[in-house]
Amino acid sequence: MLRIDDRLAKLAEAASRGTRAPDVIRRPHERRIAVAPDCNIDLSGARALALTGLLLEGLATGDSDRLASVCSASVHARTPAADTTDIVGLVDSVRTGKPAFTDVDIDIETLLVVGDMIAAEWRLHATHTGPLTVDWALIEATGQRIVLVGGLVGHVAANETSTGTVGVFDDVHLYYDTTNLLVQLALT
């Protein structure tokens, strides 16, 4: 059976055939990062980690400024709760006034960067302190501390800013178990 680092390295190597082997970085807190080279934008392991963490935190808290800093204006975002085609739709899908979750802590457990693509496994800890909209209802704050585990696959594109060119998400898929979230909020 392959260890997770072996699997990440093999995935990165397969995706970057014809280039040098990916750099695999072990973090002391068990985070695993694999980076394959040859991207036309700065998408180092540290930048990919920051982009992913800021996106997840922005989605959890409904922080429109944070989302705008890591997503292009025409971002296509798909989550279990929404499918949006621009930053306005993404912000509207997560913002209901008061943030649904506060005290947000995000652990990005595995991060794979190949060219301009990011894949990540993450674990989000948060307290449900505001209204949460689901397809069939508006769930008022429960005060419950939740743990949500999920995955992310995203494409990063160059974005021109006043300080230069930076990479931002222009296409992102988020996966997590909504039923598990509802169970933790004692609604099922």
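Any read-out appearing in this document is the output of simple, stated calculations on the displayed coordinates, not a laboratory observation. Just so you know, these numbers come straight off a predicted model, no measurement behind them. Positions of Cβ are generated from backbone atoms using ideal geometry, with glycine treated the same way; all protein chains shown enter the neighbour counts.
A few notes on this one:
- Stokes-Einstein translational diffusion, the stretch 41-187 - Kirkwood Rh over all Cα pairs, 0.890 mPa s, 25 °C, in µm²/s: 159
- Length released on extending from Thr142 to Arg123, taking residue separation times 0.36 nm less the Cα-Cα span: 4.8 nm
- Viscosity 1.567 mPa s, 4 °C: Kirkwood-radius Stokes-Einstein D of the stretch 50-119 over Cα pairs, µm²/s: 102
- Other-chain or far-sequence residues with amide H under 5 Å of Val75's (modelled H): Ile87
- Separation of the Thr102 and Thr178 label points, Cα + 7 Å toward Cβ, nm: 2.6
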